[in-house]
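Below is one structure; the comments refer to it alone.
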Amino acid sequence: MSETTILTAEGLEVSFTLRGRRLAALRGASLELCRGETLAVVGESGSGKSVFAKTFLGMLDKNGRIERGSIRFDGMDLAQFRSERDWLSVRGKRIAMVFQDPMTALNPLKTVGEQIRETAALHRGLDRKTSRTAALETLERVGIHDPELRYRQYPHEFSGGMRQRVVIAAAIACGPEILICDEPTTALDVTVQAQILDLIKSLQRDLGMSVLFITHDLGVVANIAQRVAVMYAGQVVEAGTVDEIFRDPRAPYTWALLASLPQLGIKGEELYAIKGTPPSLFKEIKGDAFAPRNPLALEVDFVAEPPEFDVSPTHWAKTWLLDPRAPRIEPPETLKRLRERLAADRRRGSAVAGGAKNAAQGGSR
Amino acid sequence: MNDDVILSVRGLSVDFRRGRRNFRAVDRVSFDIRRGETLSLVGESGSGKTTIGRAILRITALSEGEIFLAGERVDGRLDAARERAFRQRVQMIFQDPMASLNERAKIDYIVSEGLYNFGLFHSEAERKAKVETALRDVGLSPEVASRFPHEFSGGQRQRIGIARALVMNPELLVADEPISALDVSIRAQVINLMNKLKRERHLTYLFIAHDLSVVRFISDRIAVIYRGRLVELAEAEALFARPLHPYTRALLSAVPEPDPEIERSKRLVVYDPSAHDYARMPPAWREAEPGHFVLGSEEEVKRWQAEAQNR
């Protein structure tokens, strides 16, 4: 799919220096983002998903650096960018970012409209009047009613969901090709989350953007993504289309992640739980990083790191189980239950409406 | 009063006043928690679910209503002895394990603090033994007692938070979002732990949460709260199978399910509070089906039931 990819990260290694100790945040992470798709990056905290996204914007903290690997975007290698000047033509303009917490992403002392206008003015070189019109249009586009009035208001006059709409407006104001969303709905209520997810989907469709969506919530992944990359301990361990990942996962970590969903639990029984905690990234990791927590681990997992094995042209996984010499190991029984359980719920209609209005795309608080 | 009811909340209202403005955070809420069950309060931020938890714990003052613990009134003024007894019988598990442990104290002291305050031991050996048991109960090795909180991960810290509550031998545990700050793989461990303790030690939980998939798994009964009012209360499975109140349905429809096919064909329900005609027909708390309560006018409840039937 090389002609359709817009951004390719390969073998990215990023480390941070913390009190003289070296932390390997990314240990050879790779992914491909295709034109016009939404790719979800899913992982636990500390898996490196946010660091990964930050490298695409040159926003690593000062104590962090890219040690190896490349990030190809439009003939450039972003991993080679050194100065702020290099980044100015890309960051915010061609690749924009929506952060998790809309409370801290906006300047409380500036009107909402002004914050959107200035990104349009800066990156698109518009004068005051045209950039103002552009900002008003963007506000309307993200589902904010009465943009003329809202333009003059301050962030504190907006609810959490509305504020996240403003952050999204500022990000799309200069027509980026790639929108990176780092847990944009984690701080929001579920009903508001549903509206924001709908908004991101409609913007992605209408503006033809590519979206890189970082989350830890597998429900959100199923809702928004066409493709999924699963991260563990600084690496992408499995990538594929959303159906491949949910229906035919291959990496033991993906199995474990799906199996520990409370939706799969049977009341009165133990919920499937992954033992232990993720490995310390201060230490050298030998073999498959998940092996110590994986009850199905093979001997080779403790010795050698598995390569990426192709499952289909769109699906690969980093696990020795896919090696032709490996024994046949089936995914845990509970996983098979996932589909049946959810289908049964749907038949009973707990997730489906009768009579009530369908979701309009946001709007009133 | 039924003697298997451990906590009974009657007509609870809480107002917050700022200057002359009055904000009613909790409005005439009533429910019972039975001994040995997990009752969950779910609602969005600002719905008043945390305020209810705080009112029960005597942190926030009531404006109206009464709260009974095992038949004994525990809101408002209590004499010192009763207050002490209450503080031992009802314990809390906090949301953020990174913020709720004293960073300068060793685990030994953190877990014993309640024991010291209440003098619940006769000798140093007894105290040590109690701490050790509590740590073992939550799946930690007793050696951790000599360490500091910063040496532990989020999941382990939440276990310490639970151990600290357990050591007091409480009857009721109020857990305010105890899972939401934890990662997926750690979450399952803590859920299992809470369920195991409930079974083995006959604990009762009031579980305050917004994550409905966790709530469904962990709860016996679920109460849904919207803008300070209880709108629906039912057995967990009944609530998911036959949600009646339109707000409950909106809330359930908004939860993203981990299945791409379901998500593609999903229709969101949006709750429109102005759809109720409460000026003409005021709502009341009605038992629509045995054990399944909903807030609405008689006509509404009939209509919702018919709709649930046809879904």
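The values are calculated or read from the model by the stated rules, or taken from the named source; none is laboratory data. This is a predicted model, so every value here is computed, not measured. When we count neighbours, we look across all protein chains shown, and the Cβ atoms used for this are built from the backbone with ideal geometry, even at glycine. Side chains included, ligands, DNA and RNA excluded: accessible areas come from the protein's heavy atoms. Shrake-Rupley method; radii C 1.70, N 1.55, O 1.52, S 1.80 Å.
Things to note:
- Residue match in the range A:180-198 (condition: of a type in the set (Gly, Ala, Ser) and away from every other protein chain (no Cβ under 12 Å)): no
- Out of A:Lys286, A:Lys318, sole residue that is within 30 Å of A:Arg21 (Cβ to Cβ), basic (Lys, Arg), more than 14 Å from chain B (Cβ to nearest Cβ) and surrounded by fewer than 18 Cβ atoms within 10 Å (Cβ to Cβ): A:Lys286
- Applying a threshold of 8 Å to beta carbon distances and a minimum spacing of six or more residues, or different chains, the list of pairs starting in the range A:210-227 at a residue that is within 19 Å of A:Gly36 (Cα to Cα) and facing another protein chain (nearest Cβ under 7 Å) and ending at one that is at pLDDT 95 or above and not in a helix (DSSP H, G or I) reads A:Val220/A:Ala40; A:Val220/A:Phe213.
- Of the residues making up the range B:65-109, those that are in contact with a Gly (Cβ under 9 Å, 6 or more places away or on another chain) and assigned to a helix (DSSP H, G or I) are B:Arg87, B:Gln88.
- Of the candidates A:Asp323, A:Asp243, the single residue that is away from chain B (no Cβ under 14 Å), among the acidic types (Asp, Glu) and open to solvent by less than 60 Å² (accessible area, probe 1.4 Å) is A:Asp323.
- Of all residues in the range A:74-121 being within 28 Å of A:Gly161 (Cα to Cα) and touching a Gly at 6+ places or on another chain (Cβ under 8 Å), the one that is surrounded by the most Cβ atoms within 10 Å (Cβ to Cβ): A:Pro102
- Some residue of the range A:149-157 being closer than 30 Å to A:Leu126 by Cβ, in a helix (DSSP H, G or I) and of a type in the set (Asp, Glu): yes
- Qualifying residue in the range A:301-320 (condition: farther than 29 Å from B:Ser213 by Cα, modelled with pLDDT of 90 or more, of a type in the set (D, E, K, R) and in a helix (DSSP H, G or I)): yes
- In the range A:130-149, the residues that are touching a helix residue (DSSP H, G or I) at 6+ places or on another chain (Cβ under 6 Å) and either of a type in the set (Lys, Arg) or surrounded by fewer than 18 Cβ atoms within 10 Å (Cβ to Cβ) (or both): A:Arg132, A:Glu140
- Among the residues making up the range B:281-311, those that are open to solvent by 90 Å² or more (accessible area, probe 1.4 Å) and free of Cβ contacts under 8 Å to residues at least 12 places away in the same chain are B:Glu287, B:Pro290, B:Lys302, B:Arg303, B:Gln309, B:Asn310.
- Highlighted here are the helices (runs of 4 or more DSSP H) found entirely within the range A:209-293 that include at least 3 residues which are farther than 24 Å from B:Phe217 by Cα: A:242-247.
- The criterion of being within 18 Å of the chain's Cα centre (by Cα), open to solvent by 40 Å² or more (accessible area, probe 1.4 Å) and either under 23 Å from A:Ala222 (Cα atoms) or facing chain A (nearest Cβ under 8 Å) (or both) does not hold for B:His202.
- Lone qualifier among A:Ala187, A:Ala173, A:Ala134 - being small (Gly, Ala, Ser) and under 24 Å from B:Glu44 (Cβ atoms): A:Ala187
- For first residues located in the range A:77-100 and farther than 19 Å from A:Ile200 by Cα, partners that are assigned to a helix (DSSP H, G or I) and open to solvent by less than 30 Å² (accessible area, probe 1.4 Å) and lie 6+ apart or on another chain with Cβ distances below 6 Å form the pairs A:Phe81/A:Trp87.
- Options A:Leu26, A:Leu60; residue that is of a type outside the set (Gly, Ala, Ser), touching a residue at least 12 places away in the same chain (Cβ under 8 Å) and in a strand (DSSP E or B): A:Leu26
- The range A:268-277 - residue that is facing another protein chain (nearest Cβ under 7 Å) and not small (Gly, Ala, Ser) and, of those, most open to solvent (accessible area, probe 1.4 Å): A:Glu270
- B:Val29 vs. criteria part of a helix (DSSP H, G or I), of a type in the set (A, V, I, L, M, F, W, C) and open to solvent by less than 30 Å² (accessible area, probe 1.4 Å): no
- Top-ranked residue of the range B:251-280 - restricted to ones that are within 7 Å of another protein chain (Cβ to nearest Cβ) and of a type in the set (Asp, Glu), ranked as most open to solvent (accessible area, probe 1.4 Å): B:Asp272
- Residue satisfying all of: in the range B:185-199; open to solvent by less than 10 Å² (accessible area, probe 1.4 Å) and facing another protein chain (nearest Cβ under 8 Å); nearest to B:Glu171 (Cα to Cα) among these: B:Ile191
- If you go through the range B:241-250 and keep only what is crowded, with 21+ Cβ neighbours inside 10 Å, within 8 Å of chain A (Cβ to nearest Cβ) and outside any loop (DSSP other than H, G, I, E, B), you end up with B:Pro246, B:Arg249, B:Ala250.
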